[in-house]
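The values are calculated or read from the model by the stated rules, or taken from the named source; none is laboratory data. Only a predicted model underlies this, so the values are computations on that prediction, with no experimental measurement involved. Here the Cβ positions follow ideal geometry from the backbone for every residue, glycine too, while neighbour counts run over all protein chains shown. Surface areas here come from the heavy atoms of the whole protein model, side chains and all, with no ligands, DNA or RNA. Shrake-Rupley method; radii C 1.70, N 1.55, O 1.52, S 1.80 Å.
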Amino acid sequence: MRVDGLKFSIAAHSAWAPGLATAEAWSAWAQAPTRIGEGADPVVAAMPPMLRRRAGFLGKMALDVAYRCLDGRTDIPAVFCSRHGEVSRAVDLLGELARGEPMSPTGFGLAVHNASAGLFSIARTDRANHMALSAGAATVEHGVVEACGLLADGAPMVLLVAYDCALPPALAHFEDCDEQPHAWAWLMTAPGADAISLACDGCAGEVAPSTRPGGLDVLHFQLSGAPRLVRHAGPQRWTWTRNG
């Protein structure tokens, strides 16, 4: 796979993780990143309580940053990207099946990969296009590819939401990085003077992946003002640059 010439600007952004709920806290993290642990759920105050109660911890993180990033805007297509999605709910459902118990229809509906995107659309009665994707270690990059495709197709703005947390104990041995709970959102537009560029080509030889989740690597690039970020995911090398 090769990607060239993807450029975009960020008109608005938001982020949330346990202990990192303000712009000031994220700015401090960007200058001296520390490991993010578990904590209380985000409030998601803008969402009706009946729907908010259906979302789990992961979904509430995604919904919180999506609401804050859009700030009341409607009719904007959205790309929700999460490497693992609601895998904890899926493991719970498999446990019910293994014990011979009836599987919860509500639990199943909230375990699918587009659960958070669907709740967001329903809560806002917004019929704008939305999609949910997972692409392994390069999930965020593929989310940007999809968002840039929507911009190229004529959308003036696209909401990108990236969110993940640690795998449940039953799957923890599959983790290939230090998974940490986090969510962030970008309101992406056509490139301006502050454009970010994304390119992809093949890796030369074996390269050790980052110890941080891809979402946090990219968020750190954005918040720290670093001029360049190179990430390796399988056979691909993804290069992020500013003003490119």
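Taking segment 45-90 as the range and being hydroxyl-bearing (Ser, Thr, Tyr) and open to solvent by less than 10 Å² (accessible area, probe 1.4 Å) as the test, only SER82 passes.
Pairs linking a residue in segment 162-183 that is in contact (Cβ under 8 Å) with a residue 40 or more places away in the chain to a residue that is surrounded by fewer than 14 Cβ atoms within 10 Å (Cβ to Cβ) and among the aromatic types (Phe, Trp, Tyr), with Cβ atoms under 7 Å and 6 or more positions apart or on different chains, are LEU167/PHE174. Scoring HIS84 on the criteria (1) touching a residue at least 60 places away in the same chain (Cβ under 8 Å); (2) out of contact with any Lys or Arg (no Cβ under 8 Å at 6 or more places or on another chain); (3) not β-branched (Val, Ile, Thr); (4) not in a loop (DSSP other than H, G, I, E, B) leaves a single failure, condition (4).
Summed over segment 164-199, the residues that are assigned to a loop (DSSP other than H, G, I, E, B), touching a Ser or Thr at 6+ places or on another chain (Cβ under 7 Å) and either of a type in the set (S, T, N, Q) or open to solvent by less than 30 Å² (accessible area, probe 1.4 Å) (or both) give a count of 3.
Of everything in segment 114-130, what is under 17 Å from ALA185 (Cα atoms) and open to solvent by 60 Å² or more (accessible area, probe 1.4 Å)? Give them in sequence order. Selection gives ASN114, ASN129, HIS130. May I ask you to list the residues in segment 100-123 that are of a type in the set (Val, Ile, Thr) and touching a residue at least 40 places away in the same chain (Cβ under 8 Å)? Matches in segment 100-123: THR106, ILE122.
Of the candidates LEU97, LEU93, the single residue that is over 21 Å from ALA185 (Cβ atoms), open to solvent by less than 60 Å² (accessible area, probe 1.4 Å), part of a helix (DSSP H, G or I) and without any contact (Cβ under 8 Å) to a residue 40 or more places away in the chain is LEU93. Kindly provide the set of residues from segment 83-101 that are under 19 Å from ARG54 (Cβ atoms) and in contact with a helix residue (DSSP H, G or I) (Cβ under 7 Å, 6 or more places away or on another chain), ordered by number. Matches in segment 83-101: GLU86, VAL87, ARG89, VAL91, ASP92, LEU93. Restricting segment 197-230 to residues that are over 16 Å from the mean Cα position of the chain (by Cα) and within 25 Å of ALA166 (Cα to Cα) leaves a set whose member that is modelled with the lowest pLDDT is VAL207. When restricted to residues that are closer than 14 Å to TRP184 by Cα and of a type in the set (A, V, I, L, M, F, W, C), segment 1-24 contains 9.
Against the definition (in contact with a Leu (Cβ under 8 Å, 6 or more places away or on another chain) and aliphatic (A, V, I, L, M)), how does VAL218 come out, yes or no? The answer is yes for VAL218. Whether a residue is in contact with a Phe, Trp or Tyr (Cβ under 7 Å, 6 or more places away or on another chain), more than 14 Å from GLU86 (Cα to Cα), open to solvent by less than 20 Å² (accessible area, probe 1.4 Å) and β-branched (Val, Ile, Thr) was assessed, and VAL161 passes this test.
For the condition closer than 30 Å to TRP238 by Cβ and at pLDDT below 95, VAL87 qualifies.
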